[in-house]
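The values are calculated or read from the model by the stated rules, or taken from the named source; none is laboratory data. All values reported here derive from a predicted model rather than from experimental measurement. All Cβ positions, glycine included, derive from the backbone under ideal geometry; neighbour counts span all protein chains shown. For the accessible areas, the whole protein counts, side chains as well, though only heavy atoms, and no ligand, DNA or RNA atoms are used. Shrake-Rupley method; radii C 1.70, N 1.55, O 1.52, S 1.80 Å.
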Amino acid sequence: SGKSTLMNIIGCLDVCDSGDYILNSISINEMSESELADVRNKQIGFIFQNFNLLSKMNAVENVEVPLLYRGISEKKCRERAMECLEKVKLKGREYHRPNQLSGGQQQRVAIARALAGGPKIILADEPTGALDRKTSEEIMNTMKELHKSGKTIILITHDLKIARQAKRIVSMEDGKLKDGKLYMEED
C-alpha cells in the first residue's frame, strides 16, 4: 500500500520522487545526505517492528548509540540512556543483552532508544506486531503517554484495534491516501 515508503520518506531515509517534503520550514528534498542524517538523529525517533537492537550490546548501550553519534560525552550518554530506560520501566534490566530480554522488553529498549535524543517526531512501524495482547497494550499505553507529553507519534499498523486508539487515522491504498481524506476517531 506504500506505508513503508511513506514512513521512509517521513523519516528522511528516502526522498520523494515528486512533490516536496517540508519539515520545520525546510525542504527535505534539498538536503545533503549529511544534513538528512542530522535530521534523523536529532528530530526523528524510530521504533522498528523487529526492534533493530545490536545483539552484542546491552540495553543501555543500545539506547546510547544515537547519542554517541551526536558527539555527546559518554557520561551524559549513560545518564540519558538510564533515564530513558527507567521511563519505559526497564530499571534493573539495563545491562541485559537483547537475547536476555522478552519481546516486550526489547520493544521498550527500542522505544527508549527512540526517545534518547529528544525527538519531536516518533515513527513506529508495527510496534506491537510481534507482541502478545498484554504487552501490546503496555506498548500502546507508552505511546499514548508520549503523545500526551507533546511527541508526534506516527504509528504504522495493519491492526484496526491498534489504529482505533489513535486520535487520527490515515488510510493508504495503492500508495495513495484512501479517498484523500483524514479519518478522525471521536473521543
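Contact map, the range 110-128: residues that are on the phi < 0 side of the Ramachandran plot paired with residues that are open to solvent by 10 Å² or more (accessible area, probe 1.4 Å) and assigned to a loop (DSSP other than H, G, I, E, B), Cβ distance under 6 Å, separation 6+ or inter-chain. Pairs shown: ALA110/PHE51; ILE122/LYS151; ASP125/PHE48; ASP125/GLN49.
Considering ALA124, ALA81, the condition of being in contact with a helix residue (DSSP H, G or I) (Cβ under 9 Å, 6 or more places away or on another chain) and within 19 Å of ILE154 (Cβ to Cβ) is satisfied by ALA124 alone.
When the range 147-158 is examined, which residues are found to be more than 11 Å from the chain's Cα centre (by Cα) and either over 12 Å from ALA124 (Cα atoms) or of a type in the set (Lys, Arg) (or both)? Even if it seems obvious, please write down each step before you answer.
Just the residues of the range 147-158 that are more than 11 Å from the chain's Cα centre (by Cα), to begin with: 147-150, 157-158.
HIS147, LYS148, SER149, GLY150, HIS158 - these are the residues of the range 147-158 that are more than 11 Å from the chain's Cα centre (by Cα) and either over 12 Å from ALA124 (Cα atoms) or of a type in the set (Lys, Arg) (or both).
Among the residues of the range 37-53, how many are open to solvent by less than 50 Å² (accessible area, probe 1.4 Å) and assigned to a helix (DSSP H, G or I)?
Count: 3.
Identify, please: which residue in the range 113-128 is assigned to a strand (DSSP E or B) and in contact with a Ser or Thr (Cβ under 8 Å, 6 or more places away or on another chain) and is, among those, farthest from GLN49 (Cα to Cα)? Checking each candidate, the answer is ILE121.
Any idea how many residues of the range 54-64 are open to solvent by 30 Å² or more (accessible area, probe 1.4 Å) and of a type in the set (A, V, I, L, M, F, W, C)?
Within the range 54-64, residues that are open to solvent by 30 Å² or more (accessible area, probe 1.4 Å) and of a type in the set (A, V, I, L, M, F, W, C) number 2.
Residues that are farther than 16 Å from ASP38 by Cα and charged (D, E, K, R) were ranked within the range 4-23; the one that is modelled with the highest pLDDT is ASP20.
Scanning the range 129-145 for residues that are surrounded by 15 or more Cβ atoms within 10 Å (Cβ to Cβ), without any contact (Cβ under 8 Å) to a residue 40 or more places away in the chain and not in a helix (DSSP H, G or I) gives a single hit, LEU131.
Which one of these does LYS56 not meet: (1) outside any loop (DSSP other than H, G, I, E, B); (2) over 28 Å from VAL170 (Cα atoms); (3) touching a residue at least 40 places away in the same chain (Cβ under 8 Å)? The single condition LYS56 does not satisfy is (1). Are any residues in the range 6-36 among the β-branched types (Val, Ile, Thr), more than 15 Å from the chain's Cα centre (by Cα) and surrounded by 12 or more Cβ atoms within 10 Å (Cβ to Cβ), and if so, which ones? VAL15, ILE26, ILE28, listed by residue number. Does any residue of the range 103-113 turn out to be open to solvent by less than 20 Å² (accessible area, probe 1.4 Å), more than 24 Å from CYS12 (Cα to Cα) and touching a strand residue (DSSP E or B) at 6+ places or on another chain (Cβ under 8 Å)? No - not one qualifying residue is present in the range 103-113.
Could you list, in sequence order, the residues of the range 67-88 that are in a helix (DSSP H, G or I) and open to solvent by less than 30 Å² (accessible area, probe 1.4 Å)?
Here is the first cut: in the range 67-88, the ones in a helix (DSSP H, G or I) are 67-69, 74-87.
If the condition is that a residue be in a helix (DSSP H, G or I) and open to solvent by less than 30 Å² (accessible area, probe 1.4 Å), then LEU67, CYS77, ALA81, CYS84, LEU85 are the ones that fit.
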